1. Stretch A:GLN41-A:LYS358 to full length: gain in nm at 0.36 nm per residue minus the Cα-Cα span?
2. Between B:GLU465 and B:LYS242, what is the spin-label point distance in nm, taking each point 7 Å from the Cα along the Cα→C-beta axis?
3. Students often forget the sequence filter, so: which aspartates and glutamates lie under 17 Å Cα-Cα from B:LYS190 once same-chain residues fewer than 8 apart are removed?
4. Whole angstrom only: what separates the Cα centroid of the range A:328-355 from the Cα centroid of the range B:239-284?
5. Pick out, from B:TYR238, B:ILE124, B:ILE326, the residue whose Cα sits farthest towards the positive end of the charge dipole of the protein assembly as shown, with +1 on the Cβ of Lys and Arg and -1 on the Cβ of Asp and Glu.
6. Can you grab the distance from the C-alpha centre of the range C:5-32 to the C-alpha centre of the range B:465-532, Å, no decimals?
7. Angle between the Cα long axis of helix C:27-38 and the longest principal axis of chain C, 0 to 90 degrees, nearest 10?
8. Placing unit charges on C-beta atoms (Lys and Arg positive, Asp and Glu negative, everything else neutral), compute the dipole magnitude of chain A about its Cα centre in debye, rounded to 20.
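Rule-based calculations on the coordinates, nothing more; no lab input. Small disclaimer: the values here were computed from a predicted structure and weren't measured. FYI the Cβ positions are ideal-geometry reconstructions off the backbone, even for glycines, and counts take in every protein chain you see.
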Amino acid sequence: MDSNHDKQIQSLLCYRYTIGQCGTGEKIERKSIESSIAMPQELKLILKHADEPGYGPDIGCYLKHGGYETLKKALKAPGRELPDGKKLSAQEAFRGDVRTSGLRGRGGAGFSAGLKWSFVDRSSGKPIYLICNADESEPGTFKDRQILHKDPHQLIEGMVLSCWANDVKLAYIYIRGEFPEGARLLNRALAEAREKEFLGKNILGTGYDLEIWVHRGAGAYICGEETGLIESLEGKRAYPRIKPPYFPAVLGLYLCPTIVNNVETLCHVKHIAAMGPAEFARLGTPNNTGTRIVSLSGDVQHPGYFEVEVGKVTIGELIFHENFGRGLKPGRQLKAVIPGGSSSKVLKAGEVFSLKRKGADGQMIPVDVPMLDLPYDFDSLQSAGTMSGSGAVIVMDDSRSMVDALANLAEFYAHESCGQCTPCREGALWMAKGLHRLTHGGGRKEDAAYLTHIAQNIQGRTICAFGEAAAWPVLSFVEKFWEEFQARGEADAAARTEAGSGANSNLKPYSYA
Amino acid sequence: MPAIATAAPATSVPPPVETVTVKVNGRTVVVPKTMPDWQGKPQLTTMLQAARLGGVEIPHYCYHDKLPVVGNCRMCLVEFGTPVMNSATRKPVLNEDGTPKIARSVLPYEPGTPRGAITCATPISPGMEIYADSPATKQMREAVLEFLLINHPLDCPICDQAGECKLQEYSVQHGQATSEFVETKVHKPKAVDLGPRIMLDDERCILCTRCIRFTKDIAGDDALGIVNRGSYNSVAAYPGRKFDNNYSLNTVDICPVGALTSKDFRFKMRVWFLKETRSLCTSCGTGCNIVIGSREDTIHRFEPRDNAAVNSSWMCDSGRLNYKWIGRPDRLRDVGVRGERSTWSAALRELHAALAQAPMGSVAIIAGARQTTEELYLLKRLAERFGAATDSVPRTGAADGFLVAADRNCNTQGARLTGIWSGTMGAQIPRIAEGIRTGKVRTLLVFGEDVTRYGIGEELLASLETLVVSDILPSATTRAAHYLLPGCAAAEKRGTFVNVKGRLQKFLKAVEAPGDARPEWEFLSDLVEGGVSRKVPATLEGVFNQMVREIPAFSGLEWARIGDTGAAVPL
Amino acid sequence: MSFVIPKNLEAELDELATHYPVKRSASLMFLHALQEHFGFISNDAAEWTAGKLGLQPIHVYELITFYPMFRQEPIGRTQVKVCRTLSCALAGAAGIREHFCRKLGLDPHAHVPQTTPDGRFTVEFVECLAACGSAPVVLVNESLHECVGKGQADEILARGK
């Protein structure tokens, strides 16, 4: 396997080389790949039926495609006896399965779903809640939308299974306010499921009761943060909670143990139940199991969502391959890739990363991997100093100004900061203002350093990960495209000097002293 | 009575306090594993509490001992370290010198960069090291202060908070002199009329939410909130609703900056000119501990003073603003004898002579339960000499379930313990009135009450041979006095009160009384001295110490040993 | 209070409140329903919600001012929300918004929501609508329009009531 892997890397290098040579020559590009490695392609687990002609969100269609069979089977499953004689209830056994499946959260952090479930305080005597995070709002991400709109019953089945496994009696789907149609479809699907006894009192005659309600957000990115979401579901401003002490698994919704899982994650739970954890873990790559839906947008010929095995497809393939992005627009060169939603650190075309790979002798050895050859998985992107986050890839070609792109993102974060804690509240808008100035003729040569200074004082200092989300684009854009930022500032400064308006009072450093 | 099991200890020895050893700035500190939270419930000791026990105060804005922890200001971020544990043995890994190996906190995604923890909410763990003044900690503070200041109006010269502003103080202690900020500031509402007693400047606000938490969790009036989002967040009341609960001014005290100001105090006085005197509120029987802020002989404000046994850190607005009468221009300033201005020596000499003539049983004393315990004690001594009936005037209102007590006298219990009244307060007053009517009572001493409002009308007063009145403000009773002895407000003297729960608390003198007014205990000493053989000490300490020897409830107390928070006495 | 809420809407809201063990949780759902019915959330509606859910009006006001989907003023019958965030920006969202504004006689440079004087349209920039693969996208009332070019924008305006 190891040598095989090396071969794969080699062939990828070859593939990369081909693209470099041919620019947008799609035919040659595809041919070269076909001749070297297996065709990178989609593997549709969650989206198996969603886009089939005639497939609809109603329960009849879902049942026709084998829907809720997994649930029926799981609810009737007996407990399991371990080799050591320890007896597990069916729920405990299934929770173990989710853990051994290696499923990692698809919302952004990529944390082990089974481990997250294992943190739940089951001895508090309080009810345990489960919330489906359907607040899809990380810029670049549009995967949950597909599930919610096209296959809501799959999510419901995954949720009922997850709730059953965790003794949850009341669950919510927190759907972003801008998905009114999604909320309607979900409500209808839930009603259908209730009618068919997949939901409600005494589900399928097993004595298990569960209710799921749809709760709509109202336009706040911060509701994607699980404790912000919980506050919002409690009818408050979506202010993330401090951790400690408010770990949702212990003190979540109404200060009860709470599980918050992403839409895609919960759908995967259904597939783990259907195919078994071992089979699920065979998909993808070690520690990066299963499939995930990648949202591809920006400067590619064929943007869209693609369900792929985690780590089996590279960033380069996602952008250039016929089965995915189909390359850049004619005559364009790649400039940058945001690999995991707008919060992830940007990757620059031509970057090469030193990744640890298992060598032939089993030792971990550093291997140079060009950016485009990074396998699209959790660990590789983390090793490359960024993250696969919510699975959203935004591509930018050489026609793009990184300064303008960052100004756009900074405005997003300034708008979305909840304002609860100081560094993010003040820093997010400060960065946006600085970038607005830099993109509107008021740039200074020190602005690159200025922006970095602000971002560094935000990351790691805030209540929630929004601090990182707001800081990382700034830190990475400025660091990797320093000259571009520098040049923009210098050009503005030069223009001001020429115009004799160098003494713009607004641009003088402010002194407190 | 069931036999006590021999295995169990007969006496209850408190269990040893479980402790945790941590280091604060390199010094080993042993702290309790749990400490009281804002509600007094034991919770794991936080880094902030541990540092405090180690003598290091970590700067903070949103944290307040008496409010729920929210951790939003980030001012208390501190770099820390924890012992490295061997993952297999779960034992600490040791350095070569045998000391535990410590891992400094770093960002998980950037191991070269220190990570801070908010000390207000992070519990300590064994072996934790708190680096409250490391370069990384200092940098975090500088950054938070820079963030707090970029949109701040920096209007200290016209801000009432200047001089007691945590933003000023921390900027000097922990901030940097300049900022890189070159953008336009965010503008927010200014001079917002939040309620009858409070003005809000949203631009000065640092959004620590202390005011919101206070009014929700302490005052029980969830009247404030934050409106808008992000950098535009602003503290507000609902449009058209007034923030007017009787505790609203506490938010001004706990506001760490100049965002909330008291309409009563704003623009009147620079705080650094104020003399601060520990005193007590006299508006009800709770006896809230206060600090009087005065300059020269003018009182400018009352603020609550911490006392866990009485008022925590709070006081009601009505008590706080109940000081203006002290400076009223019609205060009684002159000693009067039969309507003529006199002197203390002449009046007291004449009064001694008059009292010397009074037969047993012909004297009655009505002593306000707002007089100090020492004064009431002296009045009781005087009463004993004449076999005089004594009483106080009850004064009640609605209790609010928090600090305002139904008893609106500040020393009802002092009056009872000194024997001024017993049974039912005020029950003697009709009898005294009857005594005057029948001519049995010929001499009446009234301290701090207008008895014409309580059944002893002006006609009755006019029929007395001798009417001695001590008070602060003029009334029908003072106008009828043969001997008018101007007294002092609590702010103008020293003494003690016993609150409704039996806490004896002392207060100190903040300002001079106007004109010839004297503390009542002083001239009462003279009066008692002139009439009885026992020596009455000439100092308040002496009077107090003599009183505690004679009144069992006070036994064991000593003036010098009553701390700032008082002492419990059995009622 | 002259504020009147139709019986069937109140019944719908009463049912919604039963979805939560703590009534306050229903706040957002109440506000959505009230806004759908009245077009915006008046102070009366906010106070009514507070009363219904056992809250102080400030609690509701905190929400209305935090969540951008809630409005305190009436807006146009056709609400045009142009996604502003990166993928849509790369695909020309700014031009699309300008196009809407110019066609409707609104200030193409103003960033805040603008309503035409006849009350027909409100045009605003919103943050990511989670349809980046078909950028630029526009949410017209409740329906999403994808890959919106000037032609499609004109159609939206023609259909707008």
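1. 111.6 nm
2. Those two pseudo-labels are separated by 5.4 nm.
3. Hits, sequence-local ones excluded: B:ASP155, B:ASP160, B:ASP201, B:ASP202, B:GLU203.
4. A separation of 57 Å, based on Cα centres.
5. B:ILE326
6. 62
7. Taking Cα atoms only, the helix is inclined about 70 degrees.
8. 740
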